[in-house]
Amino acid sequence: QVQLVESGGGLVQAGDSLRLSCATSGGTFSTYTMGWFRQTPGKEREFVASINWIGRNTAYKESVKGRFTISRDNSKNTLSLEMNNLKSEDTAVYYCAAARSMVVLTFASRYEYWGQGTQVTVSS
């Protein structure tokens, strides 16, 4: 059973940066495709970014391209999301997720394991 724990969320102002981390345990991290999703009250969970098992392929939600960077360190079993130039519309609970796959995945239904989420609030 893979366990995921997110950290790094907080309250920031528009234009600021944050770095989210996801620590994993209980599985072979390097064999999983990893992703970041976010959710706001009353809305479905939406895709933010994905990275394949070796870190060579990535995918992003259009609105975060050029501002967010997903990365992974397979030696430390950690996933990161560097978020720059944050906007108020980035406010959400951010979740990391893992899937037994070798390709990037953008659909939440393809992910098998989820963290508990970390709140990111961007004030304008």
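Mind listing whichever residues of segment 50-59 are open to solvent by less than 50 Å² (accessible area, probe 1.4 Å) and either acidic (Asp, Glu) or closer than 10 Å to Gly35 by Cα (or both)? Ser50, Ile51, Asn52, Ala59, listed by residue number.
Which of the residues belonging to segment 75-124 are among the hydroxyl-bearing types (Ser, Thr, Tyr), in a loop (DSSP other than H, G, I, E, B) and free of Cβ contacts under 8 Å to residues at least 40 places away in the same chain? Steps first, answer last, please.
The initial filter retains those residues of segment 75-124 that are among the hydroxyl-bearing types (Ser, Thr, Tyr), namely 75, 78, 80, 88, 91, 94-95, 101, 106, 109, 111, 113, 118, 121, 123-124.
Filter again for in a loop (DSSP other than H, G, I, E, B), leaving 75, 91, 101, 106, 111, 124.
Matches in segment 75-124: Ser75 only.
Pull up segment 13-22, narrow it to residues that are of a type in the set (A, V, I, L, M) and open to solvent by less than 50 Å² (accessible area, probe 1.4 Å), then point me to the one that is farthest from the chain's Cα centre (by Cα). Within segment 13-22, the match that is farthest from the chain's Cα centre (by Cα) is Leu18. The single condition among (1) among the polar types (S, T, N, Q); (2) out of contact with any strand residue (DSSP E or B) (no Cβ under 9 Å at 6 or more places or on another chain); (3) closer than 20 Å to Gln116 by Cβ that Ser7 does not satisfy is (2). Could you list, in sequence order, all residues of segment 1-53 that are in a loop (DSSP other than H, G, I, E, B) and among the hydroxyl-bearing types (Ser, Thr, Tyr)? Residues satisfying the conditions are Ser17, Thr28, Tyr32, Thr40. Among the residues making up segment 96-119, a single one is open to solvent by 30 Å² or more (accessible area, probe 1.4 Å) and touching a Gly at 6+ places or on another chain (Cβ under 7 Å): Gln119.
The values are calculated or read from the model by the stated rules, or taken from the named source; none is laboratory data. None of the values given here were measured: they were computed from a predicted structure. Cβ atoms come from the backbone with ideal geometry, glycine included; neighbour counts cover every protein chain shown. Accessible surface areas use protein heavy atoms only, side chains included; no ligands, DNA or RNA. Shrake-Rupley method; radii C 1.70, N 1.55, O 1.52, S 1.80 Å.
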